[in-house]
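Accompanying notes for the structure given below.
What follows is calculated from the coordinates using simple rules that are stated; it is not laboratory data. Quick caveat: nothing in here was measured; it's all calculated off a predicted structure. All Cβ positions, glycine included, derive from the backbone under ideal geometry; neighbour counts span all protein chains shown.
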Amino acid sequence: LRGLCLQVRVGMHSGPVVGSVAGTNQPRYCIFGRAVNVCARLESTSEPGMVHVSRFSLDLLLVRDPRARYELRGNVYLKGRGSVQTAFLKRVSSRLEWWWLSDTFDGGGVSP
């Protein structure tokens, strides 16, 4: 795969999810919830090499990292949600951990 350039698109949204093992022949760990669906829609409406984030998640991120850089994309139509204000993340602090939401919801969150 040398010389192969991957163009990844990422969708990011915050909210409660439920995780479970699904299947018996080939069990897989799956997560379900509105936040998962919004992430998938954000990813599919993103551009290659970009992190497409909902305004809700951007606001949470800016509380933890006020120096984060972003570009507002405006309202984007997401199937099943309607018009949602979004942005592209440009830069976050290198100290920022991916589980930065762990203490924003009652009952804990994702553990490292």
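Once backbone amide H atoms are built at 1.01 Å from N, LEU78 has SER83, VAL84 as its partners under 5 Å, excluding neighbours fewer than 5 places away on the same chain. The modelled label-to-label distance for the pair ARG91/ALA22, using points 7 Å beyond Cα in the direction of Cβ, is 3.9 nm. Can you work out the FRET efficiency for the pair LEU6 and LEU60, with r the C-beta to C-beta distance and R0 = 35 Å, to the nearest 0.05? Here the calculated transfer efficiency is 0.80.
Note on region 1-102: Cα-only Rg and Dmax are 15.3, 47 Å. Simple spin-label estimate for LYS79 and CYS30 gives 1.7 nm between the two label positions (7 Å along the Cα-to-Cβ direction from each Cα).
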